[in-house]
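Trainee: Below: one structure in structure tokens.
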Amino acid sequence: MMRSSKYILIGILFGMTLFKAEAVSWFRIYEMFHFQSFHMYGIIFSSIAMGILIIQWIKRTHMKSTEGLEIVIPDKDKHAPRYIIGGTIFGLGWALAGVCPGPMFIVLGSGYTVLVIFLLSAITGTFVYGLLRKYLPH
Amino acid sequence: MVPQFILDAIAFISQPWPWWVAGPMIAVIMFLLLKLGKEFGISANFRIMCAAEGAGDYADFFKFDWQSQGWNLLVALGAVFGGYMTSHYFAGAEGNIAHVSAATVESLQQLGLNYQEGQVPLIPEFYSWEALFTLPGFMVIVVGGFLVGFGARYAGGCTSGHAISGMSALQLGSLYAVLGFFAGGLFMTYVIFPLIF
């Protein structure tokens, strides 16, 4: 029970943060892609800046996880096409839907039950990718 | 009788959070998951859900030990709770509105959407069951969802996995993915939006 509740609490903190920072708002994403406010860029840049410090701290101190193993951050593979093509398709969806996968769950929780259809569409998209994977350039 | 300091704390949390609180907080969430031996990436849940529903019969991509990834589903479930709690108990005096800039309100009006400054809702009207069968609603919810699910897995991650986790670990692949996110996003915003709305 304690094991499960930790992850739920982390999810609650995540949901609260993105909701109160308005990052779950379709209009904030619209504003970001029109370069009309620094707000979303501030969230992303400050998160990465803090993240870089955290990762360097983990690496330099050879920090161990709560399971007692050294924390390893696996390198992503180096082939560019999958990131550029996949990223562009994701970007088309992100701007259109105005929510990415995290905010999708948060908006669903705030009472917009129609996001269940969004979730089913996203699962379908992932499933179709899985089927087509061997034919797509990576 | 609820003690005053608790009411004060609720009022304090209920203010809109500035970017310099939210950004570092997201990095802290990534850290908490790393400390627990996990990797922060929400879109992986779509693959887990596919595998859990038996998609492994159709593609090897879904043949993996998805039970060991149950923690990620719990993070998503927590996000659902977080959205509920925040919208109901921490909405603040103004309610759930988006404090977008005057320039944004003006460009929304040019697109034919009727919004006034200071009254833009946090979540637009086309996120509703009624709007699902209109062109904007169908495009945003069904087509948008499909592209997000397809693209995230093709790129191997979404905003949390690449823009936050990957960029923080200085991964070149994640930089390419983020450039792709913006290329796609700008094309949608400037070329396709005027055709839909």
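We did not get these values from a lab; they are worked out from the coordinates using the rules stated. Please read these numbers as outputs of a predicted model, since none were measured by experiment. Neighbour counts run over all protein chains shown; Cβ positions are idealised from the backbone, glycine included.
Trainee: What residue among A:F35, A:V107, A:A80 has its Cα farthest toward the positive end of the dipole of chain A, where the charges are +1 on Lys, Arg and -1 on Asp, Glu, each on the Cβ?
Mentor: A:A80
Trainee: Neighbour counts of other C-beta atoms within 10 Å: give me B:T86, A:T66 arranged from fewest to most. Provide the component values of the computation, followed by the final result.
Mentor: Details: B:T86 25, A:T66 11.
The fewest-first ordering by Cβ neighbours comes to A:T66, B:T86.
Trainee: Please compute the contact order of chain A in relative form: average sequence separation of alpha-carbon pairs under 8 Å and at least six residues apart, divided by the residue count, as a percent.
Mentor: Working: 63 pairs, mean separation 41.1, N = 138.
RCO, chain A: 30 percent.
Trainee: Count, for each residue of B:103-116, the Cβ atoms from other chains sitting within 10 Å of its Cβ, then give me the mean as a whole number. Don't skip to the end; give the middle numbers.
Mentor: On the way: counts 5, 8, 3, 1, 4, 4, 0, 0, 1, 0, 2, 0, 1, 0.
Mean shielding by partner chains, rounded to a whole number: 2.
Trainee: Label A:L9 and B:S68 with points 7 Å out from Cα along Cα→Cβ: what is the distance between them in nm?
Mentor: Roughly 2.6 nm, to one decimal.
Trainee: Could you compute the FRET efficiency for B:I192 and A:D75, with r as their C-beta to C-beta distance and R0 at 35 Å, rounded to 0.05? Let's see the in-between values first.
Mentor: Values: r = 35 Å, r/R0 = 0.99.
So the FRET efficiency works out to roughly 0.50.
Trainee: For chain B, what does the helix formula give at 222 nm: sum of -39500 (n - 2.57) over DSSP H segments with n ≥ 4, over the residue count, nearest 500 deg cm²/dmol? Kindly include the intermediate steps, with their values, before the conclusion.
Mentor: Working: 9 runs with 101 residues, N = 197.
Taking each H run of at least 4 residues, the total per residue is -15500 deg cm²/dmol.
Trainee: Report the relative contact order of chain B, percent, no decimals, based on alpha-carbon pairs under 8 angstrom and at least 6 residues apart.
Mentor: RCO, chain B: 22 percent.
Trainee: For peptide B:121-128, what's the mean number of Cβ atoms from other chains within 10 Å of each residue's Cβ? Don't jump to the answer; show the numbers that get you there.
Mentor: On the way: counts 3, 9, 12, 6, 0, 3, 12, 3.
Mean inter-chain Cβ contacts per residue within 10 Å come to 6.
Trainee: Follow-up. Measuring from centroid to centroid over Cα atoms, what is the spacing of segment A:65-138 and segment B:147-197 in Å?
Mentor: 9
Trainee: For chain B, with a Gaussian network of springs between Cα atoms less than 10 Å apart, report the residue from B:P124, B:P18, B:P136 with the top mean-square fluctuation.
Mentor: B:P18
Trainee: Cβ neighbours within 10 Å, averaged per peptide: list A:10-17, A:26-33 in order, most packed at the top. Let's see the in-between values first.
Mentor: Values: A:10-17: 25.8, A:26-33: 23.6.
Output ranking for A:10-17, A:26-33: A:10-17, A:26-33.
Trainee: Ok, one more. Please state the relative contact order of segment B:96-151 as a whole percent: Cα pairs under 8 Å, 6+ residues apart? Before the final figure, lay out the partial values.
Mentor: On the way: 38 pairs, mean separation 15.4, N = 56.
Normalised by residue count, the contact order of segment B:96-151 is 28 percent.
Trainee: Could you put B:R153, A:R82, A:R133 in order, starting from the residue whose Cβ has the fewest other Cβ atoms within 10 Å? Mind showing how you got there, number by number?
Mentor: Values: B:R153 28, A:R82 22, A:R133 16.
In increasing order of surrounding Cβ atoms, one gets A:R133, A:R82, B:R153.
Trainee: Residue by residue, what Karplus-based ³J(HN,Hα) values in Hz, rounded to whole numbers, does segment B:111-125 have, using 6.51, -1.76 and 1.60 with θ = phi - 60° and x for Gly and Pro?
Mentor: Per residue, the Karplus-derived 3J(HN,Hα) values read 6, x, 9, 8, 10, 10, 4, x, 10, 6, x, 6, 10, x, 5 Hz.
Trainee: Given the options B:G82, B:G151, B:G137, which has the most mean-square fluctuation in a GNM of chain B, springs set between C-alpha atoms less than 10 angstrom apart?
Mentor: Sorting by GNM fluctuation, first place goes to B:G82.
Trainee: Could you please rank A:V72, B:V21, placing first whichever residue has the fewest other Cβ atoms within 10 Å of its Cβ?
Mentor: Details: A:V72 11, B:V21 15.
Final ranking by Cβ density, sparse to dense: A:V72, B:V21.
Trainee: Another question, if that's okay. Using 21 Å as the Cα-Cα cut-off, could you pick out the over-long pairs in A:K59/B:K63; A:K20/A:K59; A:K20/B:K35; A:K6/A:K76; A:K134/B:K63? Show your work: numbers first, answer last.
Mentor: Values: A:K59/B:K63 32 Å; A:K20/A:K59 31 Å; A:K20/B:K35 25 Å; A:K6/A:K76 27 Å; A:K134/B:K63 15 Å.
Long pairs (Cα-Cα over 21 Å): A:K59/B:K63; A:K20/A:K59; A:K20/B:K35; A:K6/A:K76.
Trainee: Between A:H138 and A:L120, what is the label-point separation in nm under the 7 Å Cα-to-beta-carbon projection?
Mentor: The two pseudo-label positions are separated by 3.0 nm.
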